[in-house]
Amino acid sequence: MKYKYGVLEGIVHKEYGTVYRFLDEKGKVTNFDFGMNLIDCLNILGKYRWELKLQNNRNDYILVKEI
């Protein structure tokens, strides 16, 4: 089996709280809206078959997708 890898990154913003963006292994960036929480972002990525595998020691989450 082959997999694609991506990182869901949480960026702390002074006004908006934590803002999330997703980076895939090709460098494509997907920014999520300011009002979205972690669960909302993971649900959207899950619709595209991305699965959460582990959390980094920061606000980063590693996801994989079988290809």
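The values are calculated or read from the model by the stated rules, or taken from the named source; none is laboratory data. Keep in mind that what you see is a predicted model, and the values were worked out from it rather than measured. With ideal geometry, Cβ positions are generated from the backbone for all residues, glycine too; neighbour counts draw on all protein chains shown. Surface accessibility is based on the protein's heavy atoms, side chains included, excluding ligands, DNA and RNA. Shrake-Rupley method; radii C 1.70, N 1.55, O 1.52, S 1.80 Å.
Filtering segment 23-63 to residues that are of a type in the set (D, E, K, R), farther than 10 Å from E9 by Cα and surrounded by fewer than 11 Cβ atoms within 10 Å (Cβ to Cβ) leaves K26, K28, D33, K47.
Could you list all residues from segment 1-12 that are within 21 Å of N43 (Cβ to Cβ) and open to solvent by 70 Å² or more (accessible area, probe 1.4 Å)? First the steps, then the outcome.
From segment 1-12, those within 21 Å of N43 (Cβ to Cβ) are 3-11; that's our starting set.
Passing the criteria: Y3, Y5, I11.
Name the one entry in I67, I44 that is modelled with pLDDT of 95 or more, out of contact with any Ser or Thr (no Cβ under 6 Å at 6 or more places or on another chain) and among the hydrophobic types (A, V, I, L, M, F, W, C). Don't jump to the end; show me each part of the working.
Details: I67 fails: modelled with pLDDT of 95 or more.
From the options I67, I44, the qualifying one is I44.
Look at segment 11-28: where a residue is among the small types (G, A, S) and a partner is surrounded by 10 or more Cβ atoms within 10 Å (Cβ to Cβ), sitting 6+ places away or on another chain with Cβ atoms under 9 Å, you get G17/F34; G17/N37.
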